[in-house]
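Asks: Got a structure for you, written out below as structure tokens; questions coming shortly.
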Amino acid sequence: MGKITVRTEKKRFPIAPNLYGIFFEDINRAGDGGLYPELLRNRSFEDSIEPKDCRTGQDGYALVSRAGWRDEFNHGEGLSRWVRKNGTPYTPIPAWYTNHAQMALDRNDTLNPHRQVSLAVSFEEGGELYNTGFCGIAPKAGEKYLFYMFARTEAPVKIRVSVEEDGHEFGGMDFLLEGGGYVRYDGSFTAEGDGRNARLVIRCPEGGKVNFGFCSLMPEDTYMGHGLRRDLVEKLRDMNPRFLRFPGGCIVEGFSPETAMQFKNVVGPVWERPGHQLMWHYRSYNGLGFHEYLQLCEDLDMEPLYVCNCGMTCQGRSPEFFEGEELASMLQDTLDAIEYAVGDKTSRWGSLRAKMGHPEPFRLTYIEIGNENSGPAYEARYQMFYDAIRARYPHIRLIANTHLEEQGLGADIVDEHYYSTAEFFAENVNFYDKYDRKKPKIFLGELAVVRGWVGQLYGALGEAAFLVGMERNQDVVELASYAPLLENVDYNAWFPNLIRFNNRESIAIPTYYVWKMFGNNRGENVVEADVETGTLYRPVKGMASLMGQAGLRYRNASWNKTPVGISHELMGRVKEEEGVSRILPPDEEQRAEAETLHRVDKDRVFVVFGEEQVTSGVFDIEIYAEEGREICLGVYSGRMPKEVYMADETHPPKEWNAANVKPFLWTLEKGISTFREQKFPSDRNLDEERKAELRYGEFNHFRYEADGKQMKLYVNGECIHQVDVPSFPSLSSVVCDSPKEVILKIVNMSPEEDAVEISLDCEVEDAYEVILLTGEKQAENSFEEPEKVHDVVQNHSGASSHFYYGAPAYSVNVLRLAKIQVQ
Ligand code: AHR
């Protein structure tokens, strides 16, 4: 049974007002066709055009940067699995098709210098050109849709533009295109009936030739009339986010200079904004740009947090580092962006903002210099950006990607990203307890459970426990956001994402409700609270493994006294002779595979014994000890739960590989025994170093006993380490108050209800409100059951300065207790 003792008299510190925010990145086609509700895919006809500094390979399948990074391209359709899943018929110009008409890209006759092509169409009589949208267009009965296009013809041409599905026309517009230069044509219609898989059809009854320079179809009804999809913004609004981090993420970095983000490309009239190939396998038309993000911040009262490219492309994707003028122009681009946001309306960029309808400056509170960058190249660029921005805009809080204060550089805030398991987050509920308060503040810019309980209730509970720990340390953690935010389910590139949508509806994963509950229930001060709780152990599985230099010899391996053999040769091959096994060096195939894996040493051997499913037992082995050669035994050598995201599905890693097996490592070297856990970003000792003398030149006996809670490690009969399996509290809690209320957040990760004993140093009203999220451990939401797991508001009674609250199994609870005011 858990116990929480609350001392409202002991205020620890005020809450961090901007703690809960959101991070938007254009991934999973979150922008065009999503938050930015353009209904036409490839509205500028440029999707099949590779960036200037990349080439297409493998017959249009791949896009290769000049530094060698490869992405799936498929002639501009994006990932192969989208094409397969959506049954996208081949077209050289993505999303555009013809009947009785011929179409081609025209590179010589474009709408303006920022457009790379126009679409030249030659219609026969009754010929048609059509666009299939983002997996169809879904008009809603009674809603108004706005259409415009820029078109040029030599002679007058009549066309009808309509939205149709299976012969039904939802609405249409007739245009007479004048001969001459490019002209903008506008029209609108109100949809008759609901559609799911409609297309926009441009029909030419009498035939003719037309060059289309740019076109667009959007719903008139958007959030506050500012052009963004209503249901999605409403979901964001309901989280009560205090800041918006934008526009990325990796897309800020790009995988080549042209694909790196630049502010200049994402402002001004949308048809003048150059398109831009994104890291996440498709092109953005950049209609959702700097101004639109700032407007969204204003509409939801969020502090803007702009991430700028700091003169380098993504370090995980064959990076390029900008120098000289190129670098200077990236810095200038960031300074221009700031001027656009906060400059006077008479300034160069402030005047463009005014022209775009916002004469008053926006707020710009935070700037993050780069995304996930590190190392000396980053440090040099960071310093340059930091100095330039700080000198001109001292009020802006500057965020670094790594702990640069350790190199003596200035940073107000450091952005840390964590993608892991539910258990990792729960185990790290005390992560920031010992953080040096003199160091920069922390921004938890990206965090999510991406292995194991992905998108399910238990994943959300692990994250909730971590957020509770974060709230207990909000004197140092200033900001936090989940990642990624949005996913068009027909174009998934990453999973999970907080909010999922198709052309008609949107749903949220259980984690969304945690952020919503926590973001809306803040109080004013964090107060002292002691929590007594039970313990849950990390689920661990698998038998032993052996690692080290090639040539390692062993014999008589057994599990529970039964001989056991090698089940997986991850690196190196095992050869047996006369009862002794020797691990030979990794062969060419293994070395080549290791190249494609993250953080794998190509020269080390790594073999796994026996079954993966076992959780307890005794492993015995005799290993030949030689001076100068380490012996490394892995305990619990099962695979980590799979990550759902895969960069290039045509080269999937093997089911068992040297990167996805991360046992606890028991190492003996030079008479010293260590036992540690392999962890990102660095390993962690599970026990102190201990002396362990080996008999060199002979076989030594090693044993371990493991029962899911404890591990005991022996050499030649002597117990060297006795260590608990990592665990986490079944119950976590943080308490905040205000003059009128006490707010308790309680996360129960156990499979049983916990009758939590709550003691307070103040009197509270009997009646109280509970906001509850609970369900089955693996529960998740779907379009069929969109709210299987969601927050529920309940009215309870029986609160007092000492009472019991039953926190359901697998639950997140927010208790709002009204203080009785003493006169
Ligand atoms: O959130 C998805 C990606 O994860 C972000 O683009 C990047 O910053 C991180 O690696």
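Asks: Does any residue of the range 507-523 turn out to be within 30 Å of D194 (Cα to Cα) and in a strand (DSSP E or B)?
Replies: Looking for residues that are within 30 Å of D194 (Cα to Cα) and in a strand (DSSP E or B), one finds at least one in the range 507-523, hence yes.
Asks: Can you name the residue in the range 42-53 that is open to solvent by less than 10 Å² (accessible area, probe 1.4 Å) and not β-branched (V, I, T) and is also nearest to the ligand (Cβ to nearest atom) among such residues?
Replies: Per the criteria, the residue is P51.
Asks: Look at the range 485-522 and say how many of its residues are within 16 Å of V789 (Cβ to Cβ) and of a type outside the set (A, V, I, L, M). Spell out how you get there, then give the answer.
Replies: Taking the range 485-522 as the starting set, the residues that turn out to be within 16 Å of V789 (Cβ to Cβ) are 496-500, 506-518.
Adding the requirement that they be of a type outside the set (A, V, I, L, M) leaves 496-497, 500, 506, 510-513, 515-516, 518.
Result for the range 485-522: 11.
Asks: Moving on. Under 9 Å by Cβ, and 6 or more places apart or on different chains, what pairs join a residue from the range 377-392 that is in a helix (DSSP H, G or I) with one that is aromatic (F, W, Y)?
Replies: Pairs that qualify, where the first residue is in a helix (DSSP H, G or I) and the partner is aromatic (F, W, Y), are A377/F321; R381/F321; R381/F322.
So that you can scan it fast, the table gives a plain yes or no per residue for (1) within 13 Å of the ligand (Cβ to nearest atom); (2) on the phi < 0 side of the Ramachandran plot; (3) in a loop (DSSP other than H, G, I, E, B); (4) in the same structural domain as P247 (by TED's automatic domain parsing):
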position: Y432; (1), (2), (3), (4): no, yes, yes, no
position: I442; (1), (2), (3), (4): no, yes, no, no
position: G445; (1), (2), (3), (4): yes, yes, no, no
position: A460; (1), (2), (3), (4): no, yes, no, no
position: A464; (1), (2), (3), (4): no, yes, no, no
position: E471; (1), (2), (3), (4): no, yes, no, no
position: Q474; (1), (2), (3), (4): no, yes, yes, no
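Asks: Something else about it: Is there any pair linking a residue in the range 462-484 that is open to solvent by 10 Å² or more (accessible area, probe 1.4 Å) to one that is within 15 Å of the ligand (Cβ to nearest atom) and in a loop (DSSP other than H, G, I, E, B), with Cβ under 8 Å and at least six apart or on different chains, and which?
Replies: Within 8 Å, no pair qualifies.
Asks: Test L536 against the stated conditions and say whether it is buried (at least 24 other Cβ atoms within 10 Å of the Cβ), part of a strand (DSSP E or B) and either in contact with an Asp or Glu (Cβ under 7 Å, 6 or more places away or on another chain) or not assigned by TED's automatic domain parsing to the domain that holds G78 (or both).
Replies: For L536, the condition - buried (at least 24 other Cβ atoms within 10 Å of the Cβ), part of a strand (DSSP E or B) and either in contact with an Asp or Glu (Cβ under 7 Å, 6 or more places away or on another chain) or not assigned by TED's automatic domain parsing to the domain that holds G78 (or both) - is not met.
Asks: With the range 191-299 as the region, which helices (runs of 4 or more DSSP H) entirely inside it contain at least 2 residues that are at pLDDT 95 or above and within 16 Å of the ligand (Cβ to nearest atom)?
Replies: 250-253
Asks: Right, next: Residues being in a helix (DSSP H, G or I) and in contact with a Phe, Trp or Tyr (Cβ under 6 Å, 6 or more places away or on another chain): count how many of those fall in the range 339-357.
Replies: 5
Asks: Within the range 397-426, how many residues are surrounded by 21 or more Cβ atoms within 10 Å (Cβ to Cβ) and either acidic (D, E) or assigned to a loop (DSSP other than H, G, I, E, B) (or both)?
Replies: Residues that pass the stated criteria total 5.
Asks: Do any strands (runs of 3 or more DSSP E) lying entirely in the range 746-823 carry at least 3 residues that are open to solvent by less than 40 Å² (accessible area, probe 1.4 Å), and which ones are they?
Replies: So the answer is 754-760, 764-774, 802-807, 811-819.
Asks: I need the full set of residues from the range 568-593 which are open to solvent by 50 Å² or more (accessible area, probe 1.4 Å) and assigned to a strand (DSSP E or B), in order please.
Replies: Listed by number, the residues that qualify are E569, R573, K575, E576, E577, R582, L584.
Asks: Could you check D59 against (1) more than 27 Å from the chain's Cα centre (by Cα); (2) within 19 Å of G213 (Cα to Cα); (3) open to solvent by 10 Å² or more (accessible area, probe 1.4 Å) and say which number it fails?
Replies: Among (1) more than 27 Å from the chain's Cα centre (by Cα); (2) within 19 Å of G213 (Cα to Cα); (3) open to solvent by 10 Å² or more (accessible area, probe 1.4 Å), the lone unmet condition for D59 is (2).
Asks: Give S318, S374 a once-over and let me know the one that is touching a Phe, Trp or Tyr at 6+ places or on another chain (Cβ under 9 Å) and touching a residue at least 40 places away in the same chain (Cβ under 8 Å).
Replies: S318
Asks: Then there is this: Can you find even one residue in the range 306-327 that is at pLDDT 95 or above, within 16 Å of the ligand (Cβ to nearest atom), crowded, with 19+ Cβ neighbours inside 10 Å and under 27 Å from G225 (Cα atoms)?
Replies: Among the residues of the range 306-327, at least one is at pLDDT 95 or above, within 16 Å of the ligand (Cβ to nearest atom), crowded, with 19+ Cβ neighbours inside 10 Å and under 27 Å from G225 (Cα atoms), which makes the answer yes.
Asks: Still on this structure: Does N685 satisfy the condition of being assigned by TED's automatic domain parsing to the domain that holds L552, on the phi > 0 side of the Ramachandran plot and either modelled with pLDDT under 95 or touching a strand residue (DSSP E or B) at 6+ places or on another chain (Cβ under 7 Å) (or both)?
Replies: No.
The values are calculated or read from the model by the stated rules, or taken from the named source; none is laboratory data. Everything quoted here is computed from the prediction, not taken from an experiment. All Cβ positions, even for glycine, are placed from backbone atoms using ideal geometry, and neighbour counts span all protein chains on display. Remember, those area values only see protein heavy atoms, side chains included, never the ligands or the DNA or RNA. Shrake-Rupley method; radii C 1.70, N 1.55, O 1.52, S 1.80 Å.
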